[in-house]
RNA sequence: GCCGCGUUCGUCUAGCCUGGUCUAGGACGCCGGCCUUUCACGCCGGUAACACGGGUUCAAAUCCCGUACGCGGUACCA
């Protein structure tokens with residue numbers, strides 16, 4: 001469905017740090033909406049704060065987006081007819097419109113020092129219609145003085161917010177939102193270093209780039225009336241706004257936006273590229289994120305990117321904050337892992353296996369992956385959850401021993417180990433046959449051997465089917481581990 | 001503090017706009033069972049919610065008002 005004025009959305013991160021999952025979700029929703037309506041996605045880098053800019057951040061953003069496969073139509077890399085796409089390279093535009101605003105009487109120069117501003121704030125006043133007359137600006141100083149100060153170059157431009165008006169706008173997810181302008185202060189538009197603030201740059205670029213829909217986080221909701229005032233002052237039509245619910249920390253006691261600290265303390269990655277390191281499937285991350293704040297209205301939960309594009313609609317986006325749920329992400333990821341071919345899984349798992357210092361042949365890794373594929377949730381668990389494939393167990397799971405190890409276990413295990421010696425082709429069928437005949441001859445249930453064998457070889461009471469497990473661990477190791485378990489567990 | 005936004009199972013949500021079909025549906029998690037003389041997958045079942053108080057109405061999760069709570073904003077940060 002294409003819109004009349006063509007849909008153009010922008011994802012506008014600031015390179016003050018690596019791309020956050022919340023940022024990725026914003027990018028996703030923009031992407032889904034644009035693709036759904038056959039529109040364009042613009043990547044715009046909002047680097048107007050030179051002091052907070054972090055080297056490498058832009059590369060990380062690029063990396064993250066390309067890893068998950070959200071491709072933009074225009075941006076610093078691919079260019080486009082609205083270039084440049086870095087705000088630091090567009091300063092002349094901002095200066096031009098700041099000037100227009102001043103000439104229209106909708107903005108003014110201000111020369112207050114930091115000390116003067118501080119003093120005002122201590123008096124609990126805001127720089128607004130009620131105080132601007134007491135400050136040092138082009139509204140209170142003589143023209144000659146203003147010219148002199150402007151020439152000296154040390155000034156800012158502030159928006160002249162009208163008193164006692166209502167600034168209202170429609171938000172796709174929240175409906176009509178309105179603010180009384182007396183609550184809004186005279187926001188700085190152009191900083192003393194010549195750079196624009198977010199507010200100015202944002203509306204100038206959105207207008208110049210023909211952005212039709214502004215889809216961004218709720219933290220921007222309160223600054224939107226300022227933007228609406230500026231659109232009005234410049235005689236521009238504002239875009240359609242959609243403010244997305246914030247992603248909150250899953251720790252309800254802590255509350256607030258999901259932060260870097262939560263990441264470390266709750267084991268949740270916050271940066272997109274950390275999800276890559278942690279072995280999540282990019283498609284799964286996207287799928288999970290889509291569901292965090294949006295609902296298709298059906299009972300489907302698993303979507304490919306294309307399916308999401310199809311099902312997406314902004315008016316099915318919720319308005320309340322959502323807690324990040326790592327368990328749910330893992331569940332989604334689990335499904336994507338099952339959809340992988342064994343070869344793909346093995347290929348993805350290899351680096352994690354090698355990082356742990358283990359060596360393994362392609363053939364054996366393939367066998368291991370086959371065994372564990374439907375019981376892991378993230379790729380690295382091929383090794384972290386199944387170390388016994390690579391080294392002898394360092395101990396035995398206590399609960400398992402308690403439940404499964406009996407007085408006769410050691411003898412049965414030793415007998416089984418003996419019979420394993422006779423096997424030439426040590427495969428799943430062979431170890432199973434040996435075990436079942438032993439159980440028959442000893443007149444015990446197969447479980448009487450199965451459980452101790454699993455415990456001895458893997459150190460645990462759960463895992464892949466035992467016979468496949470034993471075969472994959474190999475003859476020598478199995479026999480060695482059984483002897484050791486018989487000794488240690490008696 | 002002030003302003004704005006929000007509030008359905010522990011969590012993500014459907015339902016709310018267009019009151020009755022909601023003894024509130026699904027999913028994650030958790031618990032139990034089946035399958036497997038093993039583990040998991042799978043399947044089946046269970047657990048658990050309309051923040052509170054007033055209205056309006058024959059009827060309210062759904063509409064209105066208030067309160068509480070949560071979140072966001074309140075910078076020459078984005």
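Quick notes
- When each of the peptides A:177-186, A:42-51, A:416-425 is scored by how many other beta carbons lie within 10 Å of its residues on average, the order from highest to lowest is A:42-51, A:177-186, A:416-425.
- Inverse mean reciprocal Cα-Cα distance (Kirkwood Rh) of the stretch A:55-103, Å: 12.8
- Label-to-label distance, residue A:327 versus residue A:370, with points set 7 angstrom from Cα along the beta-carbon direction: 3.4 nm.
- Each 10 Å bin from zero holds the following percent of Cα-Cα pairs in the stretch A:32-131: 12, 27, 28, 20, 14, 0.
- Cα-based convex hull, the stretch A:1-70, per residue volume (Å³, whole number): 72
- Ratio Rg/Rh [Cα only; Rh per Kirkwood] for the stretch A:260-338: 0.97
- Centroid-to-centroid separation of the stretch A:460-490 and the stretch A:12-36 [C-alpha atoms, Å]: 48
- Protection-proxy order for peptides A:27-35, A:387-395, each taking the mean of Cβ atoms within 10 Å per residue, highest first: A:27-35, A:387-395
- Kirkwood radius for the stretch A:133-194, taken over all pairs of different Cα atoms as the inverse mean of 1/r, rounds to 14.0 Å.
- Spatially, the stretch A:80-103 and the stretch A:327-400 are offset by 52 Å when compared through their Cα centroids.
- Peptides A:262-273, A:351-362 ranked from most to least packed by the mean count of surrounding Cβ atoms within 10 Å: A:262-273, A:351-362.
- Normalised size of the stretch A:213-283, defined as Cα radius of gyration per 2.2 N^0.38 Å with N residues, equals 1.55.
- Computed log10 I(q)/I(0) for chain A at 0.08, 0.09, 0.13 Å⁻¹: -0.65, -0.75, -1.19, from the Debye equation with unit scatterers placed on every C-alpha and solvent omitted.
- Over the stretch A:383-481, equivalent-ellipsoid semi-axes from the Cα gyration tensor in Å: 19, 17, 11
- Estimated FRET transfer efficiency when R0 is 45 angstrom, pair residue A:89-residue A:397 (beta carbons, to 0.05): 0.15
- Taking only the Cα atoms of the stretch A:90-207, the radius of gyration and Dmax are 15.1, 49 Å.
- Computed FRET value (nearest 0.05) for residue A:488 with residue A:358, which takes r as the C-beta separation and R₀ as 25 Å: 0.60
- Each principal axis of the Cα atoms in the stretch A:146-279 has its own extent, and those three values, largest first, are 58, 39, 32 angstrom.
A short reminder: the numbers here are calculations on the coordinates, not readings from a lab. Nothing here was measured: the structure is a model prediction, and the numbers come from that model. Reconstructed Cβ throughout: ideal geometry from the backbone, glycine too, with neighbour counts over all protein chains shown.
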